[in-house]
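Nothing in this text is a laboratory measurement; each read-out follows from the coordinates by a stated rule. Keep in mind that this is a model prediction, so the values were computed, not measured. All Cβ positions, glycine included, derive from the backbone under ideal geometry; neighbour counts span all protein chains shown.
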Amino acid sequence: MTATMNENARVDELLDGIHIIDSDSHFTEPPDLWTSRVPASMHDKVPQMRTKDGVTHWYLGDEMLMGIGGNTLSRGKKKEFGTLFVQPWEEVDSSTWNPVERVKLLDEMGVYAQILFSNAVGFSSNTFFGIDDLKQRAMLIQTYNDFLVDVQEQSGGRLFPQPLLPTWDMDLTLKEMVRLRDRGMRGFTISDKPHNTGLPGLDSSYFEPMWQLGNDMGLVFNFHIAGGGDKNIGNQTSMNPMAQSNPDVYWDSYGPQRRLAILSSQFYMSNARIILNLCMGDFFDRYPNIKVFSAESGIGWVPFIIEAMEFQLDEMVTDPAEVALQKRRPREYFADHIYVSFWFERSGPKHLIEDIGVHNVLVETDVPHPTCIYPGARERLATSLAHVDAYTRRRVLQDNAAELYDIALPTA
């Protein structure tokens with residue numbers, strides 16, 4: 001008992017006066033998300049939850065659209081291990097999908113605010129690309145974003161969802177950006193690989209209006225790991241997404257739980273591609289006000305990528321025309337525009353924050369996903385930052401995220 005009391009006292013000392021901002025957690029889509037926001041006559045045009053043989057999925061008409069997302073908190077806020085999601089829906093804890101209950105969970109965790117990303121619909125708008133009717137597609141994503149606005153408003157300034165953009169229609173994307181900004185949203189989540197849904201690359205003229213408007217707004221563009229896959233209508237057809245062979249990722253001799261662990265470990269570094277492309281050219285010269293958050297990607301690999309960019313630029317880029325493309329070094333672009341976060345790591349927070357940049361590192365919990373640091377998030381984050389100075393600890397746990405997402409902190 002004495003040791004526990006001493007440990008708690010040490011955590012309180014380390015976090016004294018700090019309001020932890022969780023930069024990446026997930027908010028699960030509730031059963032009435034669409035049906036409560038459209039007329040009854042349109043219910044057959046929107047996704048609805050159905051449970052068959054004890055397994056719950058979202059259906060659009062008779063076709064399975066998506067699963068219910070990564071949820072490992074069962075009723076009573078009990079974390080379940082060894083699975084990607086609790087099933088059926090009735091067993092999922094309400095803190096994953098109810099904003100009032102989520103705020104209560106924050107208080108229990110000792111976290112002040114959360115940046116929220118989607119769950120069942122995936123980590124960008126790619127799922128909606130599986131719907132052929134463009135009007136229906138637009139209605140569904142706008143209704144989803146309306147739900148996120150409601151979550152933010154109902155949270156009392158504690159929850160900050162990052163809406164999705166209908167990038168298949170650039171005019172609609174620009175209108176949605178303005179509409180959401182005017183309703184208080186702090187940023188947008190987009191795919192890092194739009195070519196997987198048939199769109200041009202992010203460096204194409206097609207995306208220039210989006211980047212320019214984002215530059216004018218000064219809001220955040222979020223790239224969440226695993227957000228760049230193909231349109232995935234009907235791809236979550238079982239409780240075990242690791243059942244299929246994927247020799248490019250894991251050995252077929254492994255079981256589903258080990259496959260999931262291997263896949264998850266590889267995902268963390270998948271955002272290296274977008275960071276490299278953003279920092280190895282003139283993107284930030286053209287859009288100097290844009291800020292980018294690499295969500296759920298960890299920090300341990302980041303110093304290596306920064307060093308690799310610097311080294312390879314000097315080794316490989318020698319043509320005068322290529323040299324003239326960018327005005328600054330990759331490290332400088334990263335320092336002024338890119339943000340990363342950690343949650344379970346020990347080594348990175350202890351040794352690498354200065355190499356990455358004290359103003360570029362955030363923290364997260366990843367609730368309610370399998371890798372979430374729940375319970376014990378507050379204690380784990382405090383311990384991870386026990387070896388840094390008080391200024392760095394406050395920047396990483398609070399100030400960086402508050403400034404990036406324009407979050408008002410308590411005055412008392």
The chain: relative contact order as a whole-number percent, Cα under 8 Å and 6+ apart: 19 percent
Rounded to the nearest 20 debye, dipole of the chain from Cβ charges on Lys, Arg, Asp, Glu: 620 debye
Separation of alpha-carbon centers, segment 310-347 and segment 1-56, rounded to whole Å: 35 Å
Spacing of the two label points (7 Å from each Cα toward its C-beta) at residue 213 and residue 149, in nm: 1.4 nm
Estimated vicinal HN-Hα couplings, Hz - segment 35-40 in sequence order (Karplus 6.51, -1.76, 1.60; Gly, Pro = x): 5, 7, 10, 10, x, 4
Gaussian network model of the chain, springs between alpha carbon atoms under 10 Å - residue of 159, 381, 172 with greatest fluctuation: 172
Segment 241-321: relative contact order as a whole-number percent, Cα under 8 Å and 6+ apart: 25 percent
Extended-chain gain in nm, criterion 0.36 nm per residue less alpha-carbon gap, residue 182 and residue 132: 15.1 nm
Cross-link reach list, lysines versus residue 77, counting only Cα pairs under 22 Å and skipping chain neighbours closer than eight places: 104
For segment 296-412, the fraction of alpha-carbon pairs in successive 10 Å shells from zero, as %: 12, 38, 29, 14, 6, 1
Assigned charges on the beta-carbon of Lys, Arg, Asp, Glu; segment 137-208 dipole about Cα centre (debye): 180 debye
Among 123-131, 35-43, 103-111, the order from most to least packed when residues are scored by Cβ within 10 Å on average: 123-131, 103-111, 35-43
Quotient of C-alpha Rg and 2.2 N^0.38 Å, computed over segment 118-232: 1.00
Dipole axis of the chain (+1 Lys, Arg; -1 Asp, Glu on Cβ), positive-most option in 375, 360, 251: 375
Per-residue [θ]222 nm for the chain (sum of -39500 (n - 2.57) over DSSP H runs n ≥ 4, rounded to 500): -10000 deg cm²/dmol
Residues of type aspartates and glutamates that residue 79 reaches as a straight line, Cα spacing below 12 Å, ignoring anything fewer than 8 places off in the same chain: 91, 93
Distance between segment 84-138 and segment 244-307 - C-alpha centres, whole angstrom: 22 Å
Segment 49-103, relative contact order [Cα under 8 Å, separation at least 6], %: 27 percent
Share, in percent, of DSSP beta bridges within the chain that are antiparallel, nearest 5: 30 percent
For the chain, the spread of Cα positions along each principal axis, largest first, Å: 65, 58, 52
Inter-label distance for residue 52 and residue 346, nm, one decimal - labels placed 7 Å from Cα along Cα-to-Cβ: 4.6 nm
Shape metrics for segment 37-88, restricted to C-alpha atoms - Rg then Dmax, Å: 13.6, 41
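Reported to two decimal places, what Rg/Rh ratio describes segment 1-83 when computed on Cα atoms with Rh from the Kirkwood expression?
On the way: Rg = 20.5 Å, Rh = 16.9 Å.
Here the Rg-to-Rh quotient is 1.21.
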Straight-distance crosslink candidates among lysines, where the alpha carbon sits under 16 Å from residue 45 and sequence neighbours closer than 8 are dropped: 135
Inter-site label distance for residue 246 and residue 7 at 7 Å from Cα along Cβ, in nm: 3.4 nm
